[in-house]
1. So what is the relative contact order of segment B:341-455, in percent, for Cα pairs below 8 Å that sit 6 or more residues apart?
2. Using alpha carbon coordinates only, what is the Rg to Rh ratio of segment A:65-122, with Rh defined as the Kirkwood radius?
3. Compute the Rg to Rh ratio over the protein assembly as shown from the alpha carbon atoms, using the Kirkwood formula for Rh, and round to two decimal places.
4. Applying the Karplus parametrisation 6.51 cos²θ - 1.76 cosθ + 1.60 with θ = phi - 60° to the phi angles of segment B:169-185, what ³J(HN,Hα) value in whole Hz is obtained for each residue in order, glycine and proline being reported as x?
5. Percent of Cα-Cα pairs more than 20 Å apart in segment B:140-200, please.
6. Take the alpha-carbon centre of segment A:1-44, take the same for segment B:236-274, and report the distance between them in whole Å.
7. Between the helical axis of B:209-221 and the dominant principal axis of chain B, each derived from Cα atoms, what acute angle in degrees is found, rounded to the nearest 10?
8. Debye sum, Cα scatterers, segment A:272-356, no solvent: what log₁₀ I/I(0) at q = 0.21 1/Å?
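The values are calculated or read from the model by the stated rules, or taken from the named source; none is laboratory data. On a predicted model such as this, the values are computed, not experimentally measured, just so you know. Cβ sites come from the backbone with ideal geometry, for glycine too, and all protein chains shown count toward neighbours. The accessibility values were calculated without ligands, DNA or RNA, using every heavy atom of the protein model including side chains. Shrake-Rupley method; radii C 1.70, N 1.55, O 1.52, S 1.80 Å.
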There are 2 protein chains.
Amino acid sequence: MTTIPYKTYLTEDEIPRRYYNFRADMPQQHAPFLHPGTLQPLQAQDLYPIFCEELCNIEMDTTTRYIDIPEAVLDYYRTFRPSPLIRAYHLEKALDTPAKIYYKFEGNNTSGSHKLNAAALMAYYAKAQGLKSLTTETGAGQWGTALAMACAYYGLDLTVYMVKVSFEQKPFRKAVIETYGGKIIASPSGTTEVGRKILAENPDTGGSLGCAISEAIEASMGDDNCRYALGSVLNQVLVAQSVIGLESKAAMEKLGEYPDIVIGCAGGGSNLGGLISAFLQDKLTGKANPRFIAVEPASCPSLTRGVYAYDFCDTGRITPLAKMYTLGSGFIPSPNHAGGLRYHGMAPSLSRLYHDGYMEAIAVEQNKAFNAAVTFAKHEQILPAPESAHAIYSAIEEALKCKESGEAKTILFGLSGTGYFDMNAYMAHLSGTMTDHAPSDEELRQGFATLPQVE
Amino acid sequence: MTTIPYKTYLTEDEIPRRYYNFRADMPQQHAPFLHPGTLQPLQAQDLYPIFCEELCNIEMDTTTRYIDIPEAVLDYYRTFRPSPLIRAYHLEKALDTPAKIYYKFEGNNTSGSHKLNAAALMAYYAKAQGLKSLTTETGAGQWGTALAMACAYYGLDLTVYMVKVSFEQKPFRKAVIETYGGKIIASPSGTTEVGRKILAENPDTGGSLGCAISEAIEASMGDDNCRYALGSVLNQVLVAQSVIGLESKAAMEKLGEYPDIVIGCAGGGSNLGGLISAFLQDKLTGKANPRFIAVEPASCPSLTRGVYAYDFCDTGRITPLAKMYTLGSGFIPSPNHAGGLRYHGMAPSLSRLYHDGYMEAIAVEQNKAFNAAVTFAKHEQILPAPESAHAIYSAIEEALKCKESGEAKTILFGLSGTGYFDMNAYMAHLSGTMTDHAPSDEELRQGFATLPQVE
């Protein structure tokens with residue numbers, strides 16, 4: 001028997017009762033969101049037609065350090081949280097590393113990922129505001145599933161615009177969303193103006209996250225009892241996801257541990273931003289100095305190869321502009337890219353942190369990520385999501401560096417979800433038909449050419 | 001905040017260190033296994049060519065009340081156990097029942113079910129005996145996945161004979177098994193004599209569990225470094241699964257609770273037998289008198305419509321004979337039957353308990369089970385396995401009886417697994433194309449006609 005257990009669960013009473021809004025401790029805020037027509041900075045009220053009011057207020061709030069989690073959301077969290085902090089004893093042994101590896105496992109709920117943390121808050125505020133329905137988009141499907149579950153829980157209707165290529169490749173994701181009562185539409189679709197326009201230009205397109213966002217927003221606009229919900233990128237999402245980091249830190253404190261390195265996969269930034277939150281507070285306030293590593297796919301490398309600039313959050317260019325690391329809203333990852341992490345930009349607040357040197361980033365080819373996933377699955381016995389596999393890759397890399405140097409560093413990474421609905425990708429990897437593709441300089445140039453002229 | 005939490009986890013130190021072998025407390029044992037050729041009662045040694053020796057010893061052991069869990073198995077259990085005991089507050093509220101509903105959730109591991117409890121023990125004993133490989137069969141896929149995970153963990157090769165109809169309908173189950181290094185063959189196959197014989201007689205057959213068992217056993221027989229492993233029916237399985245009931249009872253004791261009714265789905269009996277184990281001890285020793293309800297599918301009703309007789313455990317008639325409730329080894333459930341629980345017989349020890357009046361049984365049509373599953377998913381936020389849905393149906397029924405009578409009974413049911421790999425069945429149910437089929441008296445007669453003449 002080891003002194004530190006495999007799994008550390010907080011009690012339900014120890015679930016954080018307040019979110020942590022790390023912007024309150026940031027020395028520099030991200031540049032303001034701009035109105036897509038006037039290019040003027042937005043106020044919270046300007047976003048009320050799009051999102052629930054309370055979420056708009058959180059979106060713009062750079063001063064409230066702690067935000068109370070509504071009681072009804074806490075009650076919902078108790079059905080699937082706290083999530084376990086797991087010591088990767090078996091992986092450590094297989095790697096023969098002196099490093100201590102921990103992971104925060106967010107996949108033990110039916111949505112299969114951390115996305116449910118934010119979905120719970122968004123559905124709650126929609127219900128509290130008296131709305132009848134929400135719209136959203138989904139790519140790989142975790143977010144759509146999570147919001148469908150939360151809407152079923154609070155009694156709201158939901159329409160999900162699912163990126164067409166995923167819609168066709170993942171009928172089972174669709175089935176889960178429908179089991180929870182969600183309505184699902186392949187995007188681009190004929191149900192919106194922006195969808196029809198994109199289809200007219202490119203009838204054979206498999207769609208993109210940016211395009212599905214445009215459609216979901218448009219679909220919500222006509223109905224005063226409906227709003228739109230987004231599962232990543234935004235500050236409101238990162239605030240909700242701070243429960244991951246707060247729980248991680250509390251659990252590590254119980255064990256007398258503190259991470260030297262915190263590693264998260266990075267698409268729009270929801271898991272990464274949530275995971276690092278509580279440790280970021282220590283870093284921003286000088287209490288500790290852990291390294292943060294964002295791991296993105298080589299096929300969609302917004303941090304490592306993007307530019308820091310104002311850009312649209314969607315392909316249809318109907319959203320506000322955000323200053324962020326971006327590949328251009330017209331950038332679409334190579335069709336051979338499996339799994340999520342395919343958004344063209346990165347959360348504005350995380351982009352600012354990266355720009356200011358608080359965070360590192362690496363990009364990983366997908367076959368390397370899947371190799372890490374299979375190793376992890378065999379030793380730790382959990383089949384990871386392709387997204388999470390990126391973080392696993394980096395954690396293994398850092399653990400092997402420790403083996404080299406003899407240092408017993410403490411590594412924490414985010415196991416954001418499970419891969420049970422991603423078996424097509426695993427099959428491609430196992431059969432050797434999965435290919436890697438990093439965009440060429442020319443492909444990047446084409447993406448950057450879609451950036452708006454703002455500055 | 002409620003006084004009883006949603007989820008009660010034991011600590012890793014509180015994982016049972018001993019299995020409970022309920023046969024030690026049974027007043028009447030099941031009739032002995034018989035040799036398929038001589039019809040003479042078998043000794044443990046007679047089974048050594050089929051199963052690992054330690055498992056054969058457990059199989060025949062009717063006197064050792066508690067059996068130590070090997071340290072290496074405990075260490076493995078710590079990666080996925082203890083499993084949570086969950087109070088179904090949201091379901092109770094939706095049903096408006098005074099009943100208290102608890103469920104023991106065994107699905108939070110990558111195999112998606114309780115099957116991993118027995119797989120861990122079997123793979124461990126194979127390794128300890130110096131074997132190189134195991135063979136097994138799988139129907140719905142949970143057992144094959146579980147054994148593949150355990151074999152990956154202990155470093156053993158595995159060949160899985162998967163019922164052909166499942167093999168074709170569930171490519172993702174196959175992919176998970178292959179990710180863990182398992183080799184998978186659609187059954188009936190040309191790789192065994194019994195498979196070739198069945199194919200010659202019926203080239204278009206979708207296969208059956210009984211047939212896959214025959215193939216897996218035959219495939220293991222030629223190789224002295226290989227044995228066969230079975231995931232249900234046997235005493236060795238029920239002993240391993242006793243961790244479910246032991247943990248359930250320990251968790252309920254912490255909460256000051258005790259079940260009036262314990263409900264489990266019933267195919268071969270592995271989840272049911274495990275779940276009731278610790279409470280059965282109380283019943284057998286007169287300490288308490290909870291009701292036990294076995295819930296089987298109407299399309300494969302071995303307890304409610306079968307006969308109590310000696311039968312083969314497989315279709316190829318190469319296994320020992322067991323006295324059990326059975327529909328005849330030639331019985332094959334209607335092709336419209338989704339999910340597991342499709343074995344023709346019931347665990348001999350559970351059959352004996354049922355015969356002696358310690359247990360009740362009901363049979364449920366699958367659309368009723370799926371209705372219960374969807375209700376449960378929306379309120380409790382976990383998407384159940386079709387197998388588990390049968391137990392949910394009965395738990396809801398009992399809770400509604402409490403609403404009628406005003407009694408605040410305590411109900412415990414087994415949520416044996418998740419339905420993430422069963423979305424075809426959910427889609428059929430949601431779209432209204434799922435049909436119900438209980439065998440006609442004539443179909444039952446055809447199954448009974450395949451029973452051997454023993455008594």
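1. Numbers: 81 pairs, mean separation 27.9, N = 115.
Reported as a whole number, the value is 24 percent.
2. Working: Rg = 15.4 Å, Rh = 13.5 Å.
Rounded to two decimals, Rg/Rh equals 1.14.
3. Working: Rg = 27.5 Å, Rh = 28.2 Å.
Checking Rg against Rh, the ratio lands at 0.98.
4. Working through the residues one at a time gives 7, 10, x, 6, 4, 4, 5, 5, 4, 5, 4, 8, x, x, 9, 10, 10 Hz.
5. Values: 500 of 1830 pairs.
Across segment B:140-200, Cα pairs with separations above 20 Å total 27 percent.
6. Cα centres, segment A:1-44 to segment B:236-274: 40 Å.
7. Roughly 50 degrees between the two axes.
8. The Debye formula, applied to the Cα set alone, gives -1.00.
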